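One structure is given here, and the rest of the page talks about it.
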C-alpha cells in the first residue's frame, strides 16, 4: 500500500535532489520507458510527455511532509528543487527495495539538462515509429526548440546507453 | 463532388438535452457515426461507476462525443470561419477529431486501463489507422486523412490551433463533459455560460484565446471544473465502487494466471489476462459484457471473486475512513497484518486511495511550460495568462488540496465483531 507514492520518494532519494518540475517529469517518464515500475500515466502535451498524476503525486508527497519543495527565482522563471525529508526517509523504510539499476539510470538522467531530457523523452514517446518519423514528430511538436542534428544524435546515443545499462529491470 | 465536400440532402439532427440539437450536414460525419466502432461508445458510460452514486449518470461516451462535435462545429461555423487566423481547409479534420477523440475508451475506462496498463489514446490511434469501419470511411476522404485525424487527437498535428480546440485547458471536450455530467448527475454546479464563451473565443497563432471581456464567463467555467472534481468526479462512494471494480479484475486475472477453473469461463478477458490482446478483442469488449460476467461470477467458487462481484452488482460498497498518510502510514502495515490474521486478504479488502489516483485536472497557469495556460486577449491585442487578471482563478488554480481515504468492508466487520474480537479491534483502529 502506498507503494506508488513510495517509488517517487525513492526516486528522489536516489537522485539526492531533482531541480525543476519539468526535469522531474521527464526523468520519471524516461525511467518508466526503461521499464522501471512507475505507474503514472503520461500524455503528450504541447511540450512533451507530461503526467498530471505525477504532478499531483508530488504535491501530495510535499503535503505529507515526505518531500520538500524549494523555489529559486531564476529571473525570467522560477525553479523548484525537490529533496526527501527525514520523515520521507523513514517512510522509505516501508518501501520495496528498488532494482539495483535504477540508481544508475537516475544518476545518468540527473546529469543531463532539462532541454536534453525533453528531447529524449519526446523521442521515446514516439519510439513505436521508425527513426526518421520519430525525428519528424519531434520537429513538429517542438518546432520552437530547434533541436539540431547533433542533439538528435546525442539523444539517440543516450537512449541506447540507458537501454544497455537497464536491460533487465525487475518489476 | 469530392466525398469530403459531400453534404446530406437534408440536415440530420440529434435531439440532445445539453445542446438541444446536434446538427449534421457533412456526409463524412454521418457515415462515421454509423460505424460499429463509434456505435460501441453507446455501451461505454461517460462517468464509469458514478451511476452508483448519482443514479442519473448513465450517459454514454456516444452522447459526449456528439456533444464535442457540436461545440466544435459551432466554434468553426459560427465563430472562426472567414477569420484570417483560421484555415477553412482544416474544418473537416477538426470535426472528425472532435467526434472521434474518445473512440478508444474501454469499459469503465479508468479502472480497466489501470488494471491492464492500457492507454485509451493508443487504442483511439489504432482504431483510426487500423483495419476498421471508421478507417474505411476516413480513407474515402484521402489516404492520409485517418492519420491526420489521429495526429490531431494525438496532439502532433502541425496546426496547433486545431489541436487546441480538442485538447487544451479550455476545449470543447471539457465544455461538453462539464455540462453533460452536471445535467445527468443532477448537481447544480458544473453549469457555466458556454454561449458567452463561444462568442468571445478567438483563433490565434497556436491556440484559442479569450477576449478580455469574456473573463467572467471563463472564471465560471474554471469554478465549475473545480466543484465538479470534488463533488462528482472524486466522490468517495463512487471511488469505493471503482476500488471494488478494480479488485474484481485483479482477482479474476490472478485466478486465471493461477490456473483456476472458472465456472463461467472469462473468454472475452483471456487475452487481457495474458497480455496478448489485439485491437479486435478491445473493440469487442464493452460494459454490458463486464456487468454480465460480474453477475455470473457472483456464483463462482472463489469466495473473494464472488463476494466482490456481489458487492458491485448489489451496491454493497466498501466504507471509507479518512486517512492521513503523513502520520498514519505505519498504521497501514499494522492493519494489513490484522486483516491477514483475521483471514481477510488485505490485497482485496483494505485499499488506500489518493486524489492523485484520479487526476481530473485543475486549471494550472503553465508552470515551467508544461501546460499551455488560458490566455486573455487584452484590449491592446497582447495576451495575458488568465490567473494574472482574475483573482478568482488565481485563488483556486494550482492549489494543493489532497485527499486520502482507506476503504474496507465495514459491513463484514460489524457483522462478526462480536464473535471475532479482532474484527472489533480492526474497526476501532479504522475509525480512530
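The values are calculated or read from the model by the stated rules, or taken from the named source; none is laboratory data. Keep in mind that this is a model prediction, so the values were computed, not measured. Because the Cβ atoms are built from the backbone with ideal geometry, glycine has one as well, and the counts that use them run over all protein chains shown.
Among the residues of this structure, residue B:313 counts as one that is surrounded by fewer than 18 Cβ atoms within 10 Å (Cβ to Cβ), at negative phi, away from every other protein chain (no Cβ under 14 Å) and modelled with pLDDT of 95 or more. Out of B:422, B:413, one residue alone is modelled with pLDDT under 90, more than 24 Å from the chain's Cα centre (by Cα), crowded, with 16+ Cβ neighbours inside 10 Å and more than 22 Å from residue B:234 (Cβ to Cβ). It is B:422.
Matching residues to (1) surrounded by fewer than 20 Cβ atoms within 10 Å (Cβ to Cβ); (2) closer than 30 Å to residue B:321 by Cα; (3) not assigned by TED's automatic domain parsing to the domain that holds residue B:179:
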| residue | (1), (2), (3) |
| --- | --- |
| B:244 | no, yes, yes |
| B:250 | yes, yes, yes |
| B:272 | no, no, yes |
| B:287 | yes, yes, yes |
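Can you find a residue that is more than 29 Å from residue B:130 (Cα to Cα), within 25 Å of the chain's Cα centre (by Cα), surrounded by fewer than 17 Cβ atoms within 10 Å (Cβ to Cβ) and in the same structural domain as residue B:242 (by TED's automatic domain parsing) anywhere in region B:291-304? Yes, region B:291-304 contains at least one residue that is more than 29 Å from residue B:130 (Cα to Cα), within 25 Å of the chain's Cα centre (by Cα), surrounded by fewer than 17 Cβ atoms within 10 Å (Cβ to Cβ) and in the same structural domain as residue B:242 (by TED's automatic domain parsing). Residue B:247 meets each of the listed conditions (1) closer than 30 Å to residue B:372 by Cα; (2) modelled with pLDDT of 95 or more apart from (1).
Checking A:77, A:50 one by one, the residue that is in contact with a strand residue (DSSP E or B) (Cβ under 8 Å, 6 or more places away or on another chain), facing chain B (nearest Cβ under 8 Å) and without any contact (Cβ under 8 Å) to a residue 60 or more places away in the chain is A:50 and no other. For region B:124-140, a tally of residues being surrounded by fewer than 20 Cβ atoms within 10 Å (Cβ to Cβ) and either touching a residue at least 60 places away in the same chain (Cβ under 8 Å) or more than 19 Å from residue B:157 (Cβ to Cβ) (or both) returns 6. Please indicate, with yes or no, whether at least one residue in region B:329-351 is at pLDDT below 80 and part of a helix (DSSP H, G or I). No: zero hits.
Can you find a residue in region B:329-342 that is closer than 21 Å to residue B:409 by Cβ, in contact (Cβ under 8 Å) with a residue 60 or more places away in the chain and away from chain A (no Cβ under 14 Å)? Yes: region B:329-342 contains one or more residues that are closer than 21 Å to residue B:409 by Cβ, in contact (Cβ under 8 Å) with a residue 60 or more places away in the chain and away from chain A (no Cβ under 14 Å).
Which of the following residues is surrounded by fewer than 22 Cβ atoms within 10 Å (Cβ to Cβ), in contact with a helix residue (DSSP H, G or I) (Cβ under 7 Å, 6 or more places away or on another chain) and closer than 30 Å to residue B:372 by Cβ: A:69, A:52?
Going through A:69, A:52 in turn, the sole match is A:69.
How many of the residues making up region B:105-136 are part of a helix (DSSP H, G or I) and within 14 Å of chain A (Cβ to nearest Cβ)?
16
Which one of these does residue B:218 not meet: (1) touching a strand residue (DSSP E or B) at 6+ places or on another chain (Cβ under 9 Å); (2) not assigned by TED's automatic domain parsing to the domain that holds residue B:191? Only one criterion is unmet by residue B:218, namely (2). Scanning region A:33-44 for residues that are within 17 Å of residue A:119 (Cβ to Cβ) and modelled with pLDDT of 90 or more, we see that the one that is nearest to the other protein chains (Cβ to nearest Cβ) is A:42.
Condition check ((1) touching a strand residue (DSSP E or B) at 6+ places or on another chain (Cβ under 6 Å); (2) closer than 17 Å to residue A:80 by Cβ) across all residues:
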{"residue": "A:23", "(1), (2)": "no, yes"}
{"residue": "A:28", "(1), (2)": "no, yes"}
{"residue": "A:40", "(1), (2)": "no, no"}
{"residue": "A:54", "(1), (2)": "no, yes"}
{"residue": "A:61", "(1), (2)": "yes, yes"}
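Quick check on residue A:125: is it in contact with a strand residue (DSSP E or B) (Cβ under 8 Å, 6 or more places away or on another chain), within 14 Å of chain B (Cβ to nearest Cβ), buried (at least 21 other Cβ atoms within 10 Å of the Cβ) and over 14 Å from residue A:14 (Cβ atoms)?
Here the answer is yes, as residue A:125 does meet what is asked.
Exactly one residue out of A:8, A:30 is modelled with pLDDT of 90 or more, part of a helix (DSSP H, G or I) and away from chain B (no Cβ under 12 Å): that is A:30. For region B:166-173, the condition holds for no residue, the condition being that it is within 18 Å of residue B:96 (Cα to Cα), without any contact (Cβ under 8 Å) to a residue 24 or more places away in the chain, touching a strand residue (DSSP E or B) at 6+ places or on another chain (Cβ under 7 Å) and in the same structural domain as residue B:37 (by TED's automatic domain parsing).
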